[in-house]
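Undergrad: Provided herewith is a single structure, encoded as structure tokens, for subsequent inquiry.
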Protein chains: 2
Amino acid sequence: MSYNKLNVFHWHIVDDQSFPFQSTTFPNLSRTGAFTPDHVYTPADVSDVIEHARLRGIRVIPEIDTPGHTYSWRKAMPELITVCWANGKPNQAIYGTQGEMEIFNPIEPRVYSTMDSLLREVKSRFPSNFIHLGMDEVYDKCWLSNPDIKQWMIDNNINSSVGLHTFYADRILNITRNIDVTPIVWQDVWDEKVELPPGTIIQVWKDSSDNSAFGSWAAYLNQAANEGYNVILSSPWYINYISYGKYNTNTSVMNLEFFKYYEVEPLRGFTGSDEAKKRILGGEACLWAEFVDGTNLLARLWPKASAVAERLWSAASVNNSEDAQFRLDVHRCRLLRRGIPAQPILNGYCGNYEVVITSSDIEFLAVRLPLKGQPSPPNAVWPHPQQMTASNDVLYIRPHDLKIDSNIRSCDIIAKAIQRYEPIFFPPKLA
Amino acid sequence: MSYNKLNVFHWHIVDDQSFPFQSTTFPNLSRTGAFTPDHVYTPADVSDVIEHARLRGIRVIPEIDTPGHTYSWRKAMPELITVCWANGKPNQAIYGTQGEMEIFNPIEPRVYSTMDSLLREVKSRFPSNFIHLGMDEVYDKCWLSNPDIKQWMIDNNINSSVGLHTFYADRILNITRNIDVTPIVWQDVWDEKVELPPGTIIQVWKDSSDNSAFGSWAAYLNQAANEGYNVILSSPWYINYISYGKYNTNTSVMNLEFFKYYEVEPLRGFTGSDEAKKRILGGEACLWAEFVDGTNLLARLWPKASAVAERLWSAASVNNSEDAQFRLDVHRCRLLRRGIPAQPILNGYCGNYEVVITSSDIEFLAVRLPLKGQPSPPNAVWPHPQQMTASNDVLYIRPHDLKIDSNIRSCDIIAKAIQRYEPIFFPPKLA
């Protein structure tokens, strides 16, 4: 992440399938909720991750996702979970949508005392002072199916599930206020028209490429920022939604995934005030792990997340995908040299290293013509990245070019360039 | 491959981008055509691959792809390549479709003398006695643009490009006949209505999921086998065409890629005679390397190719995807234990090992009830593979289940089972 200037690690540390986070307050949660006793994050593991990240300028934000996605809590704390009913019977699931017990019971007081204790522990163990509270995909059909909840709604004059969402969110957000933590939520709770405290950060994730039935993410950004909320955008950057293909232009054949992540301009459709614009805090590349583990994590993430990073750190005017693909290819090779198995985005190969000379390095610009002749014309065929210059301003030299090309006229110039760029060949290793 | 009973390695060893195959007869081909002098397969590399494969019961079939896809030959042997013309000028490319020099010149006699020598060398170095000749994606527009070829066609009474395809194929197939090698070709040359010698093997690859405009692969199989050709099917198994998603049934949520590879029944639409059916030799999972290299090869290939292998080695009646996904998940864990980073196809985890007990192991069937109770009902929610039986006939035990489940009544039975299945826990290592 630090090699790509990504500076926040959003750690979705619990979910339906497993509760791997070892809480010191509630050790039964991971003991009964993790896949196995070996598949846990111990307090020492968590500290190690936080310190490793801190040394690289990365903030770690944990997500304790409630009230939905709590199926893994049910063995340790069945009393917190809503029992779903159907056809007059309890413990009924809707296959493929929700489990028979996967959503907190908002009318159960122990939910709030447990969350108060757990969030206090999380705050004490994660120094970032942000906690992601989840609040996504809460299937209120289960709430409304439960006779106790229905009776409680009548007793408390609550007419719809919005009232339940509000009741739950108010209490949890009250906890984060009490412990002085900035809350982050997925957009769902805001979609439900729950009013959130000012300063709450809303993470916009809908209208991803997976489901065109959602509205536009640009509209969500507009609305949330104009309502005074802080916003993080992740909709266009679901790295786990893999797809195959090339994107053809008149002059280039680009990797489709690179292209679609890079071409996003978060503020293209933004119509709010400058003040509202400042409330758009940034973007996030998400990698959900349905089909990802240690076997394919790094290759799947990099360099696709590098494309997102360049987009998020660049002015809107830096938007030439054809240039960027070569820059990203060079960066991918840089990641490889540093031991990250980033997958290819172009045909071709990485040398053992390469030198990048920008036009500001005027003393070496002379290298260019003897080495390369003219840059490839825009309609060049089969532009192997290692055989052409990426733009008029940047020249890539790879060692094999030097060996192969018979047009080199001055080895002195090359030697000087290599000396000058030694730190690029042999980047300092991080501890 | 041997762990999956895949017994032929089709090695596409040259292409437009690079000529990495080091020929002893024509060393200039790889010297000028490989990405770099390091990116080659030396004679020793090739021998190692063949011997490594032989020890595992795998035949290695090399592909020397001509007359198209020969862009990488042009530096060493420009005289063999057709110069494409456009607007009265030579060396004109069609961007994204073909290079300005990427197709052999069929009227050039040195093409055939070179191929004769090269194929003799290939035969001597690959003992399989099959050579894949390619013959795919030959852009005859370039042939027809070339003034010399046009004049030659007039002189030789050849009216269309079919005549050129035939002229080329006849001469190359004559070489394989002379050196007693069985030729394999991609279906394209047969699509061009070129008549091929009986016994030629046609590889059907069109109508893949990438392009629905092609006709049905089942129709190709029918026609080619009925015309007397031997056939290999690869259309439905392009492993490089990655896609994201789940496939939902009423009782299961399956990995989409697994599902689409597994559900193929090669002979579902076959209408030919039994004799014709025997000419369908098998299937092939293809992994093209546009966006694949050492960083992601193994995770991308496995266990998707395992799903293809089970399909190809199974009777048509073995077609229950819901069962198969758990079998493949177990197999994926087996691959992991053997050091192959096969990617996940289901949520969940692998234990350090697992025991599989089939119903034929009647002495241990008693293990089942005390361990598991009844099998999960068909409408069970969130069926974690490690928490349910895959079918009525097979029981999976993973070590953590044994530790966690408080219903175990007899450790003796478990201990015996583990002793019995020790070879599964600790499979013998291959050299």
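The values are calculated or read from the model by the stated rules, or taken from the named source; none is laboratory data. Here the structure is a predicted model, which is why all the values come from computation and not from measurement. A quick note on method: Cβ atoms are made from the backbone with ideal geometry, for glycine too, and the neighbour counts reach across all protein chains shown. Protein only, heavy atoms only, side chains kept; ligands, DNA and RNA dropped before computing areas. Shrake-Rupley method; radii C 1.70, N 1.55, O 1.52, S 1.80 Å.
Undergrad: If amide H atoms are built 1.01 Å from N in the plane of the peptide, which residues on other chains or at least 5 residues away come under 5 Å of the amide H of residue B:342?
TA: B:336
Undergrad: Let me ask you something else. Given 0.36 nm per residue, what is the gain on full extension from residue B:116 to residue B:290 after removing their alpha carbon distance, in nm?
TA: Working: separation 174, 0.36 × 174 = 62.64 nm, distance 2.97 nm.
Taking 0.36 nm per residue and subtracting the Cα distance, the gain is 59.7 nm.
Undergrad: Another question, if that's okay. Residue A:166 accessible area, nearest 10 Å², 1.4 Å probe?
TA: Here the accessible area works out near 40 Å².
Undergrad: Something else: Would you list which aspartates and glutamates come within 14 Å of residue B:5, measuring only between C-alpha atoms, while excluding same-chain residues fewer than 8 positions from it?
TA: Those aspartates and glutamates meeting the cut-off are B:284, B:310.
Undergrad: Based on the alpha carbons, how large is the Rg to Rh ratio for region B:2-288 when Rh follows Kirkwood?
TA: On the way: Rg = 20.0 Å, Rh = 20.4 Å.
Rg/Rh for region B:2-288 comes to 0.98.
Undergrad: What is the spread of the Cα atoms of region B:63-215 along each of their three principal axes, largest first, in whole Å?
TA: Each principal axis gives a Cα extent; for region B:63-215 these are 47, 39, 32 Å.
Undergrad: Between residue B:154 and residue B:25, what is the label-point separation in nm under the 7 Å Cα-to-beta-carbon projection?
TA: 3.5 nm
Undergrad: FRET efficiency for residue A:219 and residue B:247, Cβ-Cβ distance as r, R0 = 35 Å, nearest 0.05?
TA: Using R0 = 35 Å, I get an efficiency of 0.70.
Undergrad: Now for a separate question. Please arrange B:47, A:117, A:18 by accessible surface area, largest first, computed with a 1.4 Å probe and ligands excluded. Working shown, then result.
TA: Values: B:47 65, A:117 45, A:18 15 Å².
Largest accessible area first, the residues go B:47, A:117, A:18.
Undergrad: At a Förster radius of 22 Å, what calculated FRET efficiency corresponds to the Cβ-Cβ distance of residue B:275 and residue B:174, to the nearest 0.05? Walk me through the intermediate numbers first.
TA: On the way: r = 27 Å, r/R0 = 1.24.
With a Förster radius of 22 Å, E is 0.20.
Undergrad: Treat each spin label as a single point 7 Å out from the Cα along the C-beta direction, and report the residue B:315 to residue B:226 distance in nm.
TA: It is 2.8 nm.
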